[in-house]
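Comments concern the structure below.
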Amino acid sequence: MGISWDDVVVIEHGKKPGEPSVITVNCPDKAGLGCDLCRIIVEFGLCITKGDICTDGNWCYIVLWTVPQPSSLRVDWESLKTRLMSTCPSCMMSFWFNQQSNGSAPSTLYMLKVFCLDRKGLLHDVTKALHQLELTIQKVKVMTTPDDKVLDLFFITDNMNLLHTKNRREETCEHLSVVLGEFCISCELQLAGPEYESQQGFSSLPEEVAEELFTSELSNNKACSQALSPDMKKFKTATVTVDNHMSPAHTLLQIQCVDQKNLVYDILRTSKDCNIQIAYGRISPSLEGSRNVDLFVQKTDGKKILESESQIALCSRLKEEMLHPLRVTIANRGPDIELLVANPVELSGKGRPRVFHDVTFALKMLGICVFSAEIGRHSTSDREWEVYRFLLDVSREFPLASNRARSEIVDRVRRTLMGW
């Protein structure tokens, strides 16, 4: 039964430079499959410009038009295809029926220790190299010594599941040594042991900082770092319309929101976490900076969303996740200045892809050095958040005591994360 395994994921590249590559997925369905596929696409630095989703609950057919962001990004398309295929339920009937009992084992955690001379952009260059190697950062600890050296501890998992081999470990260290060049002193990679446990501590957030990061209704007050700069006020709009008349079996969600590079992922992860099943979806191309998405959905019991309370809760959640999928602020931490970025964690426990990569890129472009960095989790009453904390080095270009400089940093980081 089924189709050829090679036809489960098909990638067709544009005939001309700049044209999108079309990714087609044709496989048995599973809960949250669209979200899982979009997550992998985001991990490879691709932006979804258009899409169609269709499923009957047993089989799904998904077509996504994608472009690299930035356009100069080199994508390993074969690795992307392999990753996408790995998340698709098997086309083999026996495996399909039994996959519920075949839960995947958690990935093995490794510790990468990089010791090198400090320089601007160093942290981003290492992070970019790890992405190129398909290594996912689970936790990081960055420490700068008084003699201008840096010790980076990256706790990583391997998307290719090959770090247990000597060749893969050597390839990783060699690649990092080439990227860092003469600045590299040593590079070691090993299974994470007691070192990981000792890094589990995550200092608590000050109450005022936590309130600013995690409040549901973000203030427009100019004193609030979360408030958008004047030229971005137009972005603070999103509409979600519920229609139960268009289809006899499904509720139609008509979504309109400002475009941002991971908008489709944000919509699908929210639907997954809210136990909303998508039967058909159309993702329209961006028009004048705005995006329209139409979704025909059902609850997990196969019924429409008829209760007004459920409709209001779903619309509110979608708007929040589209407008504020990430929170960015700057705060004092003792005598130091700290940049904080937070994003909600999926119910599956997975954080948002490429956040650390994008934040370090923004700081590199601003010429700001990072004195130390860490990733941790913070729980509020209704959800878990992933929090990135960066202690920033003082520089002449950005006197961090200046409110103007702080606002510029927050604005640049947010724009980079959102693709604006």
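The values are calculated or read from the model by the stated rules, or taken from the named source; none is laboratory data. Please read all numbers here as calculations on a predicted model, not as lab measurements. Every residue, glycine among them, receives a Cβ derived from its backbone with ideal geometry; neighbour counts consider all protein chains shown. Side chains are part of the model used for accessible areas, which takes the heavy atoms of the whole protein and leaves out ligands, DNA and RNA. Shrake-Rupley method; radii C 1.70, N 1.55, O 1.52, S 1.80 Å.
Looking across the stretch 280-301, the residues that are open to solvent by less than 50 Å² (accessible area, probe 1.4 Å), among the small types (G, A, S) and either more than 16 Å from R269 (Cα to Cα) or without any contact (Cβ under 8 Å) to a residue 60 or more places away in the chain (or both) come down to S284, G289, S290. Every listed requirement among (1) open to solvent by 60 Å² or more (accessible area, probe 1.4 Å); (2) under 25 Å from D259 (Cα atoms); (3) over 17 Å from the mean Cα position of the chain (by Cα) is met by I409 save one, (1). Suppose the filter is open to solvent by 50 Å² or more (accessible area, probe 1.4 Å), at pLDDT 90 or above, over 13 Å from L323 (Cα atoms) and not β-branched (V, I, T); does P230 pass it? No: the conditions fail for P230.
Take the residues in the stretch 302-338 that are farther than 30 Å from G57 by Cα and of a type in the set (K, R); name whichever of them is least open to solvent (accessible area, probe 1.4 Å).
R327
Within the stretch 352-374, the residues that satisfy the criterion of being open to solvent by 10 Å² or more (accessible area, probe 1.4 Å) and part of a strand (DSSP E or B) are V370, F371, S372, E374.
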